[in-house]
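The values are calculated or read from the model by the stated rules, or taken from the named source; none is laboratory data. Here the structure is a predicted model, which means the values were calculated and not measured. So basically every Cβ, Gly included, is an ideal-geometry build from the backbone, and we count neighbours across all protein chains shown.
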Amino acid sequence: MKQRLFAGLSVAALVLAACGGGSTAAPSTGGTAASPAASAAAASAAASSGGGDLKGKTVTVGGAFVDTEATAFEAAVKPFEDATGVTVTYNGDKSFEQNLNVQVQAGNPPDVALLPQPGGMKNYAKQGKLFPLPADILASIDANYGEGWKAIGTAEDGKVYGVFHRVNLKGLVFYPKVAFAAKGYSVPTTWDELKTLEAKMAADGTPAWCIGIESGAATGWPATDWIEEIMLRTVGKDGYDKWVSHAMPFNDPTVKTAVQTMMDIWGNKADVYGGPAYIVQTNFGEAPKAAFDSPPKCWFTNQGNFITAFFPDAIKADLDNQVGVFNLPSIDPQLGTPAEVGGDQAVAFADRPEVWAFLKYLTTPDAGVSWSKTGGALFPYKGQDVNNYSSKLDQAFVTTLTTAPFVRFDGSDQMPAAVGSGSFWSEMVKLVNGAQNIDTTLNNIEASWPK
């Protein structure tokens, strides 16, 4: 649900980052001509996928990219078209997920669909509507992606169906760079260092955190992100997967520990601007603005890469010089700082050489070059050149993506809607506003899980 709600905001934020002032280079204006490397990658994809001569073939693609996003996607796949002679016909639709279901049931889906939710992939795979990826594409994923991306694209039958192209990132802590440096503060790299810095900031008279969870009908979702990120840092990938799939109950002691870790911060007025009441009443996009007051009213915002779209206009105009960012620090040193991600995975409804050649191309770093240069997207390829991104913030985001020990998809987005966009949100609000304790909160969520 969060992935659907904020995908467009993510793009807006990245465009702003790419177009920021100061030392940020201007976005590329070199058009969509394919580079030699991209052309070679496209040709290699066609050959290794058994395509042979694909000239004159067509691959239809459906997704939720519209307007500038659709244009950027089309530019990203042009090198493949130029190298292979395949025409990629993209159809963008804001109601894509609903309409795709109608198309699938009618027997006329696109050759490739860009699905924003792992549940959609798993559902169509279970129905026997998708084709699993062939060995050469799996090998390309192994070569070009970090640990975890293949797991996210794997269905319940153990087969891999999804290829990730454009993605987004969470667990990023933003702060006002100039004021932060003026106070002599240093970026924390461990949870203990973070707690020490929180105490120092409180002693200096300004709370560490700017937090708001109000979001209309979706109020509470930022709290679920915090819990997911803490779970990744305390129980690791296996524990996280068990929790998300309900192999671990929601009221498990490890989940309680994660919630307590969050509430040690959120429940302390010395650590959060305005305290718990402010958290519940304040919109998630308004909360970060307090960090850019003069002097700051608080310092840190833990959010996804899209959040810069909500910063004050003067800050958005000079993001690289005004905004610093670091990963939410590790808690267990053995687990490091894993990345919580979202993104659209490409899946195949058709089994043809040109379809596989196209998906193979999407697994290569060259498929992200044009979009990374113009702004508005992040890509997960570990071999990509981060200098293709014109913004220092974008470069920091991509470095986090490609150096994380492992990645996992947003947890609540993988849970049943009754929980992931229902009780998980609402019960966290009750916890934060003091209406109930942690045990009651987790027991209520556990009881809401569909039987």
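Computed quantities for the displayed model
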| item | result |
| --- | --- |
| Breaking point among (1) within 25 Å of ARG233 (Cα to Cα); (2) touching a strand residue (DSSP E or B) at 6+ places or on another chain (Cβ under 7 Å); (3) not assigned by TED's automatic domain parsing to the domain that holds CYS298, for VAL187 | (3) |
| Qualifying residue in the range 306-314 (condition: in the same structural domain as ALA135 (by TED's automatic domain parsing) and of a type in the set (D, E, K, R)) | no |
| Top-ranked residue of the range 131-150 - restricted to ones that are in contact with a Lys or Arg (Cβ under 9 Å, 6 or more places away or on another chain) and closer than 24 Å to PHE96 by Cα, ranked as surrounded by the most Cβ atoms within 10 Å (Cβ to Cβ) | LEU133 |
| Matching residues in the range 401-413 - criterion: being assigned to a helix (DSSP H, G or I) and surrounded by fewer than 22 Cβ atoms within 10 Å (Cβ to Cβ) | THR402, THR403 |
| Yes/no for ILE445 being within 24 Å of ASP238 (Cβ to Cβ), over 19 Å from the mean Cα position of the chain (by Cα) and surrounded by 21 or more Cβ atoms within 10 Å (Cβ to Cβ) | yes |
| So ALA377, is it modelled with pLDDT under 95 and either farther than 23 Å from ALA143 by Cβ or assigned by TED's automatic domain parsing to the domain that holds THR224 (or both) | no |
| Pick from the range 190-218, criterion touching a Phe, Trp or Tyr at 6+ places or on another chain (Cβ under 8 Å), within 17 Å of GLU229 (Cα to Cα) and among the β-branched types (Val, Ile, Thr), ranking: surrounded by the most Cβ atoms within 10 Å (Cβ to Cβ) | ILE211 |
| Leading residue by the ranking (farthest from LEU319 (Cα to Cα)) among those in the range 336-355 that are assigned to a loop (DSSP other than H, G, I, E, B) and among the small types (Gly, Ala, Ser) | ALA350 |
| The range 356-385 - residue that is of a type in the set (A, V, I, L, M) and in a helix (DSSP H, G or I) and, of those, nearest to PHE397 (Cα to Cα) | VAL369 |
| Matching entry among VAL398, VAL347 (being in contact with a Phe, Trp or Tyr (Cβ under 8 Å, 6 or more places away or on another chain), crowded, with 23+ Cβ neighbours inside 10 Å, under 19 Å from LEU169 (Cα atoms) and modelled with pLDDT of 95 or more) | VAL398 |
| Members of the range 59-85 that are at pLDDT 95 or above and of a type in the set (Ser, Thr, Tyr) | THR60, THR71, THR84 |
| Qualifying residue in the range 232-249 (condition: among the small types (Gly, Ala, Ser), farther than 25 Å from GLY434 by Cβ and buried (at least 16 other Cβ atoms within 10 Å of the Cβ)) | yes |
| Residue tally, condition more than 26 Å from LYS269 (Cα to Cα), in contact (Cβ under 8 Å) with a residue 40 or more places away in the chain, touching a helix residue (DSSP H, G or I) at 6+ places or on another chain (Cβ under 7 Å) and of a type in the set (A, V, I, L, M, F, W, C), over the range 404-444 | 5 |
| Selection from the range 375-395 of residues that are touching a residue at least 40 places away in the same chain (Cβ under 8 Å) and within 20 Å of PHE174 (Cβ to Cβ) | GLY375, GLY376, ALA377, LEU378, TYR389, SER390, SER391, LYS392, LEU393, ASP394 |
